[in-house]
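Asker: Before anything else, here's the structure in question.
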Amino acid sequence: NKKIKFIDLIICDKKIGPHTKYFYAMQKYRNYAVITVDDDHEYDNDLCESLWKSYIDNPNLISARRVHLIKRNEMGVPLSYNLWRYNCRDIKISNMDLFATGVGGVLYPPDILKISDKNLPAINACLYADDIYLKWVEEKMGIETIWCKNKNTEGNRLLDEEIIDSALYLENVKSKGENRNDKYLKIFKL
């Protein structure tokens, strides 16, 4: 096996918020698995190894170190994001209702989502919730997610108070009334 060791700085020309972390890499490196993480957290040193092992065992699935279980009503419509089962570590098989959260680290197999500039209108409609947008694409394509076993049982830690105050989750999840994630869920009809 040939090991590739390099860092590629990709200059971004579109303002697509948190979608930037996957959008350009998935287009430029279609023949490679892409790992995404959120930049406001610390990660354990087993992140890449655990995701890679999961990918080797499940090459046609999204492997995620942190997943939520989408809770749905009797008609199959997702309940409010705040009612989902967070940080599921006991569901060992792939499932369409497992929701990968970028905050834990996610591996996307080579070109599995077929990301291109055609995705931009929908990305702009879901500009601040990359996880929800990616789940919508996965559902449209029938791609399941699997939880990737890892050492981190406590979840990841926010780095500092300044970052905590500006984190997307404050708007997407923690806001009063209907949170932004629920608005995006209605738009994309997961």
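Asker: Pick out the one residue from S54, S63 that is modelled with pLDDT of 95 or more and part of a strand (DSSP E or B). Reasoning before the result, please.
Answerer: On the way: S54 fails: part of a strand (DSSP E or B).
None of the others qualify; the one that does is S63.
Asker: Filter segment 10-27 down to the residues that are among the aliphatic types (A, V, I, L, M) and open to solvent by less than 60 Å² (accessible area, probe 1.4 Å), then identify the one that is farthest from A125 (Cα to Cα).
Answerer: To start, the set of residues in segment 10-27 that are among the aliphatic types (A, V, I, L, M) comprises 10-11, 16, 25-26.
Those still in the list that are open to solvent by less than 60 Å² (accessible area, probe 1.4 Å) too: 10, 16, 25-26.
Working: I10: 24, I16: 10, A25: 21, M26: 20 Å.
Top of the filtered list is I10.
Asker: Now, a different point. Return the residue satisfying two criteria in turn: it lies in segment 51-76 and is in contact (Cβ under 8 Å) with a residue 60 or more places away in the chain and under 24 Å from K183 (Cβ atoms), and of such residues it is most open to solvent (accessible area, probe 1.4 Å).
Answerer: So the residue we want is R66.
Asker: Of N87, N82, which residue is at pLDDT below 95, polar (S, T, N, Q) and outside any loop (DSSP other than H, G, I, E, B)? If you could, list the steps in order and put the result at the bottom.
Answerer: Numbers: N87 fails: outside any loop (DSSP other than H, G, I, E, B).
Being at pLDDT below 95, polar (S, T, N, Q) and outside any loop (DSSP other than H, G, I, E, B) holds for just one of N87, N82, which is N82.
Asker: Pick out the one residue from I146, I132 that is more than 20 Å from L79 (Cβ to Cβ), modelled with pLDDT of 55 or more and outside any loop (DSSP other than H, G, I, E, B).
Answerer: Values: I132 fails: more than 20 Å from L79 (Cβ to Cβ).
Every option except I146 fails the conditions.
Asker: May I pose another question? Which residues, counting only those in segment 159-181, are open to solvent by 20 Å² or more (accessible area, probe 1.4 Å) and at pLDDT 60 or above?
Answerer: Selection gives R180 alone.
Asker: Could you give every pair whose Cβ atoms fall below 6 Å, whose first residue belongs to segment 106-121 and is part of a loop (DSSP other than H, G, I, E, B), and whose second residue is open to solvent by 20 Å² or more (accessible area, probe 1.4 Å) and polar (S, T, N, Q), counting only separations of at least 6 or pairs across chains?
Answerer: Close Cβ pairs (under 6 Å, with a partner that is open to solvent by 20 Å² or more (accessible area, probe 1.4 Å) and polar (S, T, N, Q)) amount to P110/N31; I115/Q27.
Asker: Next up: Here are the criteria: (1) out of contact with any Lys or Arg (no Cβ under 8 Å at 6 or more places or on another chain); (2) in a loop (DSSP other than H, G, I, E, B); (3) under 24 Å from N124 (Cβ atoms). Tell me which single one I7 does not satisfy.
Answerer: Every condition holds for I7 apart from (3).
Asker: Would segment 30-48 turn up any residue that is part of a helix (DSSP H, G or I), surrounded by fewer than 18 Cβ atoms within 10 Å (Cβ to Cβ) and out of contact with any helix residue (DSSP H, G or I) (no Cβ under 6 Å at 6 or more places or on another chain)? It would help to see each step written out before you state the result.
Answerer: Going through segment 30-48, the residues part of a helix (DSSP H, G or I) turn out to be 47-48.
In the following step, the residues that additionally are surrounded by fewer than 18 Cβ atoms within 10 Å (Cβ to Cβ) were identified as 48.
Still in the running and out of contact with any helix residue (DSSP H, G or I) (no Cβ under 6 Å at 6 or more places or on another chain): 48.
Looking for residues that are part of a helix (DSSP H, G or I), surrounded by fewer than 18 Cβ atoms within 10 Å (Cβ to Cβ) and out of contact with any helix residue (DSSP H, G or I) (no Cβ under 6 Å at 6 or more places or on another chain), one finds at least one in segment 30-48, hence yes.
Asker: So, in segment 25-50, of the ones that are touching a residue at least 12 places away in the same chain (Cβ under 8 Å) and of a type in the set (D, E, K, R), which residue ends up nearest to G102 (Cα to Cα)?
Answerer: In this case the residue turns out to be D38.
Asker: When G76 is evaluated against the numbered criteria (1) within 19 Å of D131 (Cα to Cα); (2) out of contact with any Ser or Thr (no Cβ under 9 Å at 6 or more places or on another chain); (3) of a type in the set (G, A, S), which criterion, by number, is the only one it fails?
Answerer: Result: G76 passes all but (1).
The values are calculated or read from the model by the stated rules, or taken from the named source; none is laboratory data. As the structure is a computational prediction, the values presented were derived from the model and not from experiment. Neighbour counts are summed over all protein chains in view; Cβ atoms, including those assigned to glycine, are modelled from backbone coordinates with ideal geometry. All accessible areas refer to the heavy atoms of the entire protein, side chains included, with ligands and DNA or RNA removed. Shrake-Rupley method; radii C 1.70, N 1.55, O 1.52, S 1.80 Å.
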